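> Here it is: the structure, laid out below.
The values are calculated or read from the model by the stated rules, or taken from the named source; none is laboratory data. Note that the structure is predicted; figures quoted are calculated from it, not measured. Here the Cβ positions follow ideal geometry from the backbone for every residue, glycine too, while neighbour counts run over all protein chains shown.
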Amino acid sequence: MQSVTLNDLVSSVSTSERAAAEALFEGVFESLNWIQTSGKTIEEISPLKQWVHRQTSEIEADLVYLHIDRVKVLTALSEYLSAPELRSKHADWLFLNVLVYAEYIATVSELRLKILGLERYTNSLNPQKKEHSSDIASLAIRPWHIPIALLCIAIGWAIHPIVGVGDTVHDSQLPFFLRSH
């Protein structure tokens, strides 16, 4: 199963329970929102009409545009579990898939926030097109990168004659003040 719609869920229960199922599952889909933006302005927040299994490669867009209200989904799950007549494989799959992906998004978001810091994390969600991919200002945020980079350069400089990296220059090609005497 790769996707499920409200109609799939409602049609999977008995006819007498369809009204209750529709109310319950509408609440689930209303807690799954896609945010439409123009630049940095939110233009529209619309509930999803279909849940499609999300791939991990879609995380970048989902971090910015997909909002899952986990409290509403868990409340609906509680109601669902207390009503055995509404149970179906489609609904089981929907709840598991949505909740696992919501936790995945929350985990990725929290890890990036801890690693990058608040300012760099928010910039990573909406990157500006004109920024360079590497910025020297990031070294000022984490100043311990500078000694590590210098240490790597010093080690490389120290072992380059042993490893044989670089051009070998004959003594006669060196300026007079660098020649061996």
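> Could you list, in sequence order, the residues of the stretch 18-36 that are polar (S, T, N, Q) and touching a strand residue (DSSP E or B) at 6+ places or on another chain (Cβ under 6 Å)? First the steps, then the outcome.
Of the residues in the stretch 18-36, the ones polar (S, T, N, Q) are 31, 33, 36.
Residues satisfying the conditions are Asn33, Gln36.
> Limited to the stretch 7-34, what total is found for residues that are surrounded by 15 or more Cβ atoms within 10 Å (Cβ to Cβ), out of contact with any His (no Cβ under 9 Å at 6 or more places or on another chain) and not in a helix (DSSP H, G or I)?
Count: 1.
> Only one of Val64, Val100, Val108 is at pLDDT below 95 and more than 13 Å from the chain's Cα centre (by Cα). Can you tell me which?
Just a single option satisfies the conditions, and that option is Val100.
> I would also like to ask the following. How many residues, within the stretch 81-96, are touching a Leu at 6+ places or on another chain (Cβ under 9 Å) and either assigned to a helix (DSSP H, G or I) or outside the structural domain of Val13 (by TED's automatic domain parsing) (or both)?
5
> It is to be established whether one or more residues within the stretch 84-94 are modelled with pLDDT of 90 or more, among the acidic types (Asp, Glu) and in contact with a helix residue (DSSP H, G or I) (Cβ under 7 Å, 6 or more places away or on another chain).
yes
> Another question about this same structure. Condition test on Ala76, is it surrounded by 11 or more Cβ atoms within 10 Å (Cβ to Cβ) and in contact with a Gly (Cβ under 7 Å, 6 or more places away or on another chain)?
Yes; evaluated as a whole, the condition is true for this residue.
> Being in a helix (DSSP H, G or I), on the phi < 0 side of the Ramachandran plot and among the small types (Gly, Ala, Ser), is that true of even one residue in the stretch 65-80?
Looking for residues that are in a helix (DSSP H, G or I), on the phi < 0 side of the Ramachandran plot and among the small types (Gly, Ala, Ser), one finds at least one in the stretch 65-80, hence yes.
> Quick check on Ser31: is it of a type in the set (Ser, Thr, Tyr), in contact with a Lys or Arg (Cβ under 6 Å, 6 or more places away or on another chain) and within 24 Å of Ala106 (Cβ to Cβ)?
yes
> Separate question: Which of the residues spanning the stretch 35-59 are exposed (fewer than 12 other Cβ atoms within 10 Å of the Cβ), of a type in the set (D, E, K, R) and free of Cβ contacts under 8 Å to residues at least 24 places away in the same chain?
Those that are exposed (fewer than 12 other Cβ atoms within 10 Å of the Cβ), of a type in the set (D, E, K, R) and free of Cβ contacts under 8 Å to residues at least 24 places away in the same chain: Glu43, Glu44.
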